[in-house]
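Working notes for the structure below.
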Amino acid sequence: MTNRDLLLLTAPVAGLVLLGVVPPTDGRSLCPIALITGIACPGCGMTRAVAHLIRGDMAAALTYHPIVIPVLALAAVAWGWFLLWRLGRAGPVPRRWLNTTILASAVALVAVWVVRLTSGTLPPV
């Protein structure tokens, strides 16, 4: 296992631990798109949503980003598949699955963003 593999395997766990230790804030966003445009991007609020979800505050998590649970589930499946692939217990993800998943995720993020933009429910920037 290379250093890169080790980093890719441990980074998600370290990120979740960090989000569990550092309390979420309603402070200024770090998103460059939000800072430049003054409007939250399709992914804005996801980090704060995960931080609230880790603490068991489902209502706050869904307020910050309504599709946080499917996104986390998809990330967990991808991380698990990567782990199995690196251990030689699974093959690479078929290109068609990967492309379909990426396209569907992008469409979902943009659709939710449009609904939130038009309804005025985007997270604070």
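The values are calculated or read from the model by the stated rules, or taken from the named source; none is laboratory data. Quick caveat: nothing in here was measured; it's all calculated off a predicted structure. Cβ sites come from the backbone with ideal geometry, for glycine too, and all protein chains shown count toward neighbours.
Looking only at the range 92-117, residues that are part of a helix (DSSP H, G or I) and farther than 18 Å from ILE33 by Cα come to 14 in all.
So, of the residues in the range 34-62 that are β-branched (Val, Ile, Thr), free of Cβ contacts under 8 Å to residues at least 40 places away in the same chain and touching a helix residue (DSSP H, G or I) at 6+ places or on another chain (Cβ under 9 Å), which turns out to be farthest from THR118 (Cα to Cα)?
Filtering first and then ranking leaves ILE54.
Any residue at all in the range 15-25 that's within 14 Å of the chain's Cα centre (by Cα) and part of a loop (DSSP other than H, G, I, E, B)? The answer is no, given that none of the residues of the range 15-25 is within 14 Å of the chain's Cα centre (by Cα) and part of a loop (DSSP other than H, G, I, E, B). Looking across the range 92-108 at every residue that is more than 24 Å from VAL13 (Cβ to Cβ) and among the aliphatic types (A, V, I, L, M), the one that is surrounded by the most Cβ atoms within 10 Å (Cβ to Cβ) is identified as ALA108.
Looking across ARG28, ARG116, one residue alone is of a type in the set (D, E, K, R) and at pLDDT 95 or above. It is ARG116.
The set of residues in the range 19-30 that are touching a helix residue (DSSP H, G or I) at 6+ places or on another chain (Cβ under 9 Å) and more than 19 Å from ALA78 (Cβ to Cβ) comprises GLY20, VAL22, PRO23, PRO24, THR25, ASP26, ARG28, SER29, LEU30. Applying the set (1) surrounded by 18 or more Cβ atoms within 10 Å (Cβ to Cβ); (2) out of contact with any Leu (no Cβ under 9 Å at 6 or more places or on another chain); (3) not hydroxyl-bearing (Ser, Thr, Tyr) to PRO12 leaves exactly one unmet item: (1).
Look at the range 14-33: where a residue is farther than 14 Å from ALA49 by Cβ and a partner is of a type in the set (A, V, I, L, M, F, W, C), sitting 6+ places away or on another chain with Cβ atoms under 7 Å, you get ILE33/CYS41.
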